[in-house]
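The structure appears right after this line, and notes come after that.
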C-alpha cells in the first residue's frame, strides 16, 4: 500500500451520534500553575486561544472539574458561550482537588451528582454531551459510580 491509498479520517463518531473532528483541544493547561490549580494567569489570552481553536476547526474541547478546580470550565464558557451547534464540550468528574498536590478520587454517587450539576452551571449548559469518570474510586464500587452517572446523564 502506498501513501496515496491511505484513507485519513477527518471526523470520528463517539457513541455513534456525536461527531467530532480529528483534532480536539485539551484545555487542562488553561489553569493556574503549578499543578493546574487556580485561574489561568492571562484570562483574556486564554479566551482568545479557545476562540482561535474553534475558528480553526476544533469542535471538541476536553476539560474536567478538577482543572482549576472549576476555573477551566469557567474560562471555556466565558470564551465560547453561547456555543456553536457542533461544538462538543467533554468534561470529567470524580476527583476532589483541594490543593495542587492533593488529588483524591471521589466516585460516590452524591459527589458525582454534585459534580455534574456544578459543571453544568460553570459551562452554562443544559446537557453535557460527554461526561467521564476521571478515575475509579477504590472506596466505591465502580458500578455505583457509573450507575449514578447513568441516572444523572440520561438523554
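No value in this document is a laboratory result; all are computed from the given coordinates. Remember, predicted model here, so these are calculated numbers, not experimental data.
Sequence gap at least 6, Cα distance under 8 Å: using those rules, report the relative contact order of the stretch 11-152 to the nearest whole percent.
21 percent
Among 86, 102, 59, whose mean-square fluctuation peaks in a Gaussian network model of the chain (Cα, cutoff 10 Å)?
Result: 102 has the largest fluctuation of those listed.
Which whole-number percent is the relative contact order of the stretch 22-95 (Cα, under 8 Å, 6+ apart)?
Reported relative contact order: 36 percent.
Which option, (i) 45, 40, 26; (ii) 63, 29, 27; (iii) 51, 38, 31, is the value of Cα extents along the principal axes in Å that was calculated from these coordinates?
(iii)
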